[in-house]
Amino acid sequence: MATVLSVSGSPSATSRTARLLRHLDADLIAQGHEVIPLDVRTLPAEALLGADFAHPDIVRATGLFARADGIVIGTPVYKAAYSGLLKTLLDLLPQYALTGKTVLPLATGGTTAHVLALDYALRPVLSSMGAAHIVPGWFVLDRHITTGDDGGVVLDPASAAPLDQVVAQFAAALDRTVPPAPAPAPPPAPVPATR
């Protein structure tokens, strides 16, 4: 199956965006995909803000993007745009870091007034970075993401059903773009004995 990089652009340690992504990661893992989580907030601030392309953590993050077949990018929406933290990472990636990748953009926020941030702020950047296919994304209201008694994420039904659909579209797009693993070679034919 595919390798998916799941990127949280939230600066918060108690991020609803990150919790939502980890919830969706579990769905993708259950479908057989390898998922690698990346919380941008764990990268060194001095490397991000100083545009230190050679910093080992930035080099590692760039390598994760290169390795992935698909990328899920989640961000909180601030002032009608994706997070500045996510912007700092995207600015450090090679111009065409998303070439050949299938991308699922997701956003969280406090009001539906920010719904268009996905299409008018994030999607153009992802497209300019060469994404092969950007599936329709989804905006989730903060209040629709809660924590259950077991510590797991609970999604309001108003968000859960559409999210299931966009994740299914993403998984289907990955299945179309990632070639199946080669079948094992058949065993060699027995050599007839000679006298």
- Query: If you take the residues in segment 132-155 that are free of Cβ contacts under 8 Å to residues at least 40 places away in the same chain and within 16 Å of A107 (Cβ to Cβ), which one is surrounded by the fewest Cβ atoms within 10 Å (Cβ to Cβ)?
  - Reply: R143
- Item | Answer residue from segment 77-88, given it is under 19 Å from L49 (Cα atoms) and not aliphatic (A, V, I, L, M) and is modelled with the lowest pLDDT among those | Y78
- Item | Those residues of segment 9-38 which are in contact with a helix residue (DSSP H, G or I) (Cβ under 6 Å, 6 or more places away or on another chain) and either over 25 Å from A168 (Cβ atoms) or of a type in the set (F, W, Y) (or both), in sequence order | P11
- Query: Which of (1) in contact (Cβ under 8 Å) with a residue 12 or more places away in the chain; (2) surrounded by fewer than 21 Cβ atoms within 10 Å (Cβ to Cβ) is the odd one out, the single condition L118 does not satisfy?
  - Reply: (2)
- When you scan segment 58-102, how many residues do you find that are closer than 18 Å to A45 by Cβ, assigned to a strand (DSSP E or B) and of a type in the set (V, I, T)? 1
- Message: So, in segment 58-88, exactly how many residues are within 16 Å of G130 (Cβ to Cβ) and either aliphatic (A, V, I, L, M) or open to solvent by 10 Å² or more (accessible area, probe 1.4 Å) (or both)?
- Response: 7
- Message: Suppose we keep only residues that are touching a residue at least 12 places away in the same chain (Cβ under 8 Å) and among the β-branched types (V, I, T) within segment 37-74. Which one would you say is farthest from T102 (Cα to Cα)?
- Response: I58
- Message: For segment 1-22, which positions are under 12 Å from the mean Cα position of the chain (by Cα) and in a helix (DSSP H, G or I)?
- Response: T17, A18, L20, L21, R22
- Message: If V40 satisfies all but one of (1) under 16 Å from the mean Cα position of the chain (by Cα); (2) surrounded by fewer than 18 Cβ atoms within 10 Å (Cβ to Cβ); (3) within 20 Å of S10 (Cα to Cα), what's the number of the condition it fails?
- Response: (2)
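The values are calculated or read from the model by the stated rules, or taken from the named source; none is laboratory data. These figures come from a predicted structure and were not determined experimentally. Because the Cβ atoms are built from the backbone with ideal geometry, glycine has one as well, and the counts that use them run over all protein chains shown. When the accessible area is computed, the model is the full protein with side chains, heavy atoms only, and any ligands, DNA or RNA have been set aside. Shrake-Rupley method; radii C 1.70, N 1.55, O 1.52, S 1.80 Å.
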